[in-house]
Structure formats: structure tokens, C-alpha cells
1. Computed from the mean reciprocal separation of all distinct C-alpha pairs, what Kirkwood hydrodynamic radius does chain A have, in Å?
2. B:K149 versus B:K235, label points 7 Å from Cα toward the beta carbon: distance in nm?
3. Calculated from DSSP H runs of 4 or more alone, at -39500 (n - 2.57) each and per residue, what is the 222 nm mean residue ellipticity of chain A, nearest 500?
4. Note down the Stokes-Einstein diffusion coefficient of the protein assembly as shown in µm²/s, whole number, using a Kirkwood radius over alpha carbon pairs, 4 °C, and 1.567 mPa s.
5. Test of the criteria: in the stretch A:1-48, which trypsin sites (Lys or Arg not before Pro) are in a DSSP loop and have at most 13 other Cβ atoms within 10 angstrom of their Cβ?
6. For B:Q58, which inter-copy label distances result when the label point lies 7 Å beyond Cα on the Cα-to-Cβ vector, reported in nm to one decimal and in ascending order?
7. Between B:Q257 and B:E269, how many nm apart are label points set 7 Å from Cα along the C-beta direction?
8. Using all Cα-Cα distances in the stretch A:173-258, what percent lands in each 10 angstrom bin from 0 up to the longest?
Number of protein chains: 2
Amino acid sequence: MKVFVIGTGLIGGSFALDLKTVMKDVEIYGIDKSQKHLDKALALGVIDYQAELEDISQADLVYLAIPVDASLKLLPQVLDLVNDDCVVTDAGSTKEHLCKMVEDHPKRRNYLAGHPIAGTEFSGPEAAIHELFRNKTNIICEVEKTAFKLQERALEVFQNIGMRIRYMDPVSHDRHIAYVSHLSHISSFMLGKTVLEKEKNERDIFDLAGSGFESTVRLAKSSPAMWTPIFNLNKKNVLETLDEYISNLENFRKLIQEDNFEEVYSEMEKTNHIKEVLNGINKNELKIAENGK
Amino acid sequence: MKVFVIGTGLIGGSFALDLKTVMKDVEIYGIDKSQKHLDKALALGVIDYQAELEDISQADLVYLAIPVDASLKLLPQVLDLVNDDCVVTDAGSTKEHLCKMVEDHPKRRNYLAGHPIAGTEFSGPEAAIHELFRNKTNIICEVEKTAFKLQERALEVFQNIGMRIRYMDPVSHDRHIAYVSHLSHISSFMLGKTVLEKEKNERDIFDLAGSGFESTVRLAKSSPAMWTPIFNLNKKNVLETLDEYISNLENFRKLIQEDNFEEVYSEMEKTNHIKEVLNGINKNELKIAENGK
């Protein structure tokens with residue numbers, strides 16, 4: 001099987017690494033607008049060959065793993081170029097615009113819209129790791145619009161690298177993911193900004209930071225090139241989650257201001273329910289540890 | 001050496017465990033208002049004996065590891081009861097009120113104000129772990145007010161369990177720690193609240209949550225009994241950090257609203273500088289891994 005990975009960074013690179021491990025007779029062709037990334041990906045054994053967009057007619061599967069605004073431009077071109085028996089799938093963090101962009105494309109049936117809930121705060125081919133996708137969720141949108149045998153090929157690949165599948169319409173996807181992913185990134189970036197600004201006037205403030213701060217601010221290391229188009233393409237939902245978040249912060253601020261510490265306690269106690277939710281996520285992580293090498 | 005640990009939870013319990021490992025001839029007496037905690041701490045070998053406040057005159061070192069509002073009440077009583085050659089130190093997350101409370105106490109010289117930047121989101125004797133303090137910072141306030149030989153005794157213990165020491169005045173401590181610790185907790189609690197509220201109307205939202213969300217919301221598992229008095233006693237600084245955080249969020253919201261994505265990119269790129277800061281913290285964590293068992 002000839003697999004073309006467009007974008008040989010964290011996601012595309014990790015996808016390539018796993019495919020080479022779990023599937024026989026797979027050849028990985030890398031396409032990247034950065035020649036440096038491409039050379040690095042080849043040197044690290046993440047890809048087998050460097051390729052150009054024109055070569056893509058040979059592909060059996062194309063994995064599009066670039067920032068969502070770039071995907072929006074490239075996906076129609078890729079569909080133009082692929083052969084009738086090729087499945088094109090992607091890793092974009094917003095799905096509504098992408099699905100809309102190709103809804104009338106003559107090769108719409110060759111596209112399977114996906115979003116793997118997997119990643120780290122690092123980027124580039126050096127960030128690619130084995131088993132990034134094991135026991136993670138791949139959200140598939142508008143599955144019914146993809147040709148049945150092409151769905152099957154892509155889903156077999158996802159299953160082979162250990163992903164579980166959830167089906168969802170693109171509008172719901174973008175709304176839900178704004179809460180559990182996009183808002184976390186903004187809260188973390190702004191926390192980082194607030195503390196960095198303070199440090200300008202008060203040196204050595206980070207000397208006092210512990211693992212709690214580190215955990216909360218981890219996502220502020222994420223790539224602006226990836227996240228700017230996500231906030232752009234999911235603007236409506238992101239603004240809504242931000243409004244709710246700011247309103248909750250203002251309410252909490254008011255409770256402290258007014259010395260209503262009974263209610264401050266109660267707010268935190270209710271939110272402790274997140275423990276059970278996180279235990280659910282952790283169960284998956286545990287499975288990864290058990291299944292991993 | 002007879003060590004009395006008041007509060008046999010995560011911090012007091014971990015302190016006791018390490019002392020028993022690294023120091024010879026140490027006897028750990030536990031005091032806790034919860035008999036259940038005390039029984040658990042004894043059963044787990046965290047403490048050697050259960051004790052009452054009246055027994056504390058035998059102590060060579062007292063470690064006060066209870067919520068800060070409780071410390072505020074108990075510290076003067078403890079100082080009343082200890083002998084002249086006993087050092088009393090504590091783990092309270094705010095220091096200004098505590099130092100003020102005992103500034104005119106006849107036994108002020110027996111008290112060393114401390115704040116170990118160490119912990120997890122768990123609580124109770126079961127949460128006590130070995131080497132919690134290794135390569136972590138213990139912030140000492142108003143060291144000059146403690147009798148020299150009592151400073152020495154406490155610092156030797158801290159050194160034995162692997163802590164590094166930073167000296168700071170209580171007012172600066174409370175201001176700095178509001179940024180790198182107290183604000184992280186509020187941002188995390190309110191993120192958890194925002195997503196939990198959304199889940200009421202939109203089920204299965206957490207099915208989409210990944211490790212990024214988990215990391216950002218981890219501190220929302222923390223104990224309300226510990227954190228409510230911290231926000232109370234550090235009210236002024238916490239309100240200030242919260243104002244700056246909310247203002248940064250509102251500004252970021254405005255940039256998205258106005259489609260100023262160039263500036264959105266730039267804000268995130270500048271905040272990426274947090275990477276270098278976190279690498280500093282990580283170096284300590286690495287040392288822990290190397291020195292650990």
C-alpha cells in the first residue's frame with residue numbers, strides 16, 4: 001500500500017511510524033512545504049521517500065496532517081489529483097468548514113473526515129513518536145458520504161494502530177471540541193502570559209513554580225501555526241466557551257471579593273466531580289501502558 | 001529526635017515517611033483532628049505513635065501541615081506548649097498572616113515559617129509518598145527571627161530529605177505564589193466547571209477529551225478544605241492575579257472576535273517562551289528521577 005503523508009510533523013510523522021510497524025508492504029511517501037522537515041523525516045526513518053503533490057495519483061491512502069487553514073486550501077486539490085480508488089483522510093481539529101469546502105467535489109466519496117484526539121505540545125518530525133494513537137479516539141464525520149470500500153480501508157488502518165472510532169456530525173464535533181480542547185489551550189496560553197508579564201517586574205517568580213503550575217500551563221507550549229487557524233475556523237464556538245469561562249471566573253472572583261467563602265468551597269467541591277471524568281480518561285491511558293512496549 | 005507531625009495527610013505524611021527513611025533515631029508522633037486519619041497513618045507506618053496536643057512539650061521538632069486557617073489558630077497554642085529547645089515549622093501556602101499572628105509571641109524564636117513547593121492533587125494519609133520533597137523548594141520566611149540553633153536543626157532536616165532552600169519575606173512570598181500557584185488552581189477549577197456545566201446539556205462531551213484537557217484540569221481535583229482558606233488569606237493578591245488573567249482572556253477574546261489573527265498568533269508565540277521556563281522546572285524533576293529509587 002502506498003501511503004502519502006502530507007505534513008510530516010508530530011501527527012503525520014507518528015501516523016507514518018505506526019503504519020510502518022503494524023502493516024506489511026506499506027511505503028510511506030512524505031510531502032511537506034518545508035524541505036528541512038522532509039529531510040529530517042527521511043533521516044529519522046519516519047518516511048521512506050520524499051514526494052511532490054504531482055506524485056499523489058499513485059496513492060492508495062493520503063493522510064493530511066497540516067494546519068486546518070492549509071488543509072482547507074489543499075484538500076480540494078488533493079481530491080482533484082488522486083485516483084478513484086484512493087482514500088484521503090485528515091487530522092484537522094475543526095471539521096465543519098472542511099466538510100463544507102468539499103461537499104460538492106466530484107471526488108467527495110474519496111474523502112473521510114477525521115480528527116484524532118491525540119498529540120503532545122511538541123511539533124515537527126522530531127516530535128513524531130510510536131503509538132501516539134493507541135487507545136485514542138478518532139472522530140469521523142459524515143462517514144456516509146465516503147465510498148464504503150474506502151471507509152473500510154481507512155478504518156482498518158485506524159484499527160491496526162489501536163484507535164477507537166466515534167462518529168459525529170461536523171457541527172457537533174466543532175462545538176464539543178471547543179470545550180474539551182480549544183478552551184483548555186486558551187486558558188493555558190493566557191495563564192502563561194499572565195505569569196510571564198508579572199515576571200518582567202518581579203524576577204525569579206518561576207523559581208517558586210511547582211508541578212501544578214507546569215501541568216496547567218503545559219499547553220501554552222503548543223504551536224501558534226497550528227492553533228491560530230483553529231481559533232479562526234471555530235470562532236463562533238470558541239467565543240461561546242470563552243464567554244462562559246470568563247463569566248465563571250468573574251463569578252468566582254466576586255465570591256472571593258465578597259468573602260463568600262462558603263460558596264467558594266462549594267464551587268470547588270462540585271467541580272471535584274471532574275475526578276471521575278478524568279478517571280475515565282486515565283483508564284484509556286492505563287490501557288496504553290499495558291498494551292505498550 | 002522526637003518529631004510531632006500535626007496533620008497526617010499528603011504533606012505531613014510524606015514528610016514523616018522521608019524522615020523515617022533518611023534519619024536515624026527519629027520517632028514520629030502524629031496529631032490529627034480526624035481519628036480516622038490518625039488510625040490510617042499508623043496502619044500505613046506513616047507515624048509511629050498517635051499523640052495529643054498536650055504531649056507536644058516532648059517534641060524536638062513540630063511540623064504543622066494543616067489548612068492555613070487552622071494553622072492560624074493552632075500555631076500560637078503550639079508555641080505556648082513546646083519546650084524552649086523545640087523548633088516549630090510549617091507547610092502553609094500563605095505566610096503573611098501566619099507570621100503576623102505570632103510576631104509578638106514570647107516563643108517567636110521557636111518558629112521557622114516555611115512553604116514547601118511540593119504536593120499532588122490528592123489528600124489524606126493514603127496520599128503520602130516517599131521523596132515528595134526531593135529537589136523541591138522550601139521557601140523560608142523571616143529566617144532571622146528564628147533562634148540560630150533551631151534554624152540549623154530544621155534546615156538539616158530539610159537538607160536530608162533533599163530540599164533546596166529559598167529565603168523570602170512573607171509579603172513577597174504571598175504575592176509571587178498567587179501567580180505561580182493560586183491562579184493555576186482557579187484557572188483549572190473554573191475550566192473544569194465550565195466543561196462540566198456544558199456536559200449537563202450535551203452528553204458524552206468527555207468522550208472527546210484527551211491528555212491536553214486532562215493536564216489543564218488536573219488541579220481541579222484539589223481539596224476545597226485546603227484551598228478555600230488560601231484564597232481567603234491571600235485575598236488581595238489572588239484578586240489581583242485574577243483581574244490580570246481575566247483581562248488577558250478578554251483581550252484574546254476581542255482579537256478573535258475582530259478577526260485579528262495576526263495578533264492572536266503573536267500572543268501565542270510570545271507565550272511559547274514558557275517552554276524555557278518549564279525546562280528549568282523539568283531539570284529539577286529530572287534530578288528527582290535520577291536520584292529516586
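1. Answer for chain A: a Kirkwood hydrodynamic radius of 20.8 Å.
2. Placing both labels 7 Å beyond Cα along the Cβ direction yields 4.3 nm.
3. -16000 deg cm²/dmol
4. 50 µm²/s
5. Within the stretch A:1-48, the qualifying trypsin sites (Lys or Arg not before Pro) (loop, at most 13 other Cβ atoms within 10 Å) are A:K24, A:K33.
6. When each copy's label point is compared with this one, the spacings are 8.2 nm.
7. Distance between the two pseudo-spin positions: 2.5 nm.
8. Histogram of Cα-Cα distances, whole percents per bin: 15, 39, 34, 11, 0.
Every read-out reported here was derived from the displayed coordinates using simple, explicitly stated rules and does not represent laboratory data. Computed from a predicted model, the values in this text were never measured in an experiment. Counting neighbours? That spans all protein chains shown, and the Cβs are built from the backbone with ideal geometry, glycine included.
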